[in-house]
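What follows draws every value from the coordinates through simple rules; no lab data is involved. Since the model is a prediction, treat every value here as computed from it, not as a measurement. Ideal geometry is used to build each Cβ from the backbone, glycine not excepted, and the neighbour counts take in all protein chains shown.
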Amino acid sequence: MNGVLKSPETAAGPSDPDRRSYFEVTQFDIDGDIAFWTGFQYVSSASPGGGEPVVTKLRVTEVLRREDDQWALIHRHAGPALQ
């Protein structure tokens, strides 16, 4: 795969409606019933003082397995991305 795939921005969860998240996929592959992707997740949340939102950039790797014609997440690793 060449380039970067970007997901739509979505609410990160019902407990914090102001928290938003999107993904940038930099590489992925599928081999039979196993797939993986790596890239970045950007999470934007409200600033405690009400100022500009705080954006956190995470480096993410996820591994998925096909089970009964659906993909199930079997491993996720995420950590702060170096700037």
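Before moving on, here are some points about what is shown:
- Approximate spin-label separation residue 57-residue 10, in nm, with each point projected 7 Å along Cα-to-Cβ: 2.3 nm
- Point-to-point label distance, residue 18-residue 66, nm (Cα→Cβ direction, 7 Å offset): 4.4 nm
- Nonlocal amide H pairs with residue 26, under 5 Å, H built at 1.01 Å: 38, 39, 40
- Compared with the direct C-alpha span, the chain from residue 46 to residue 74 gains 7.0 nm at full extension, assuming 0.36 nm per residue.
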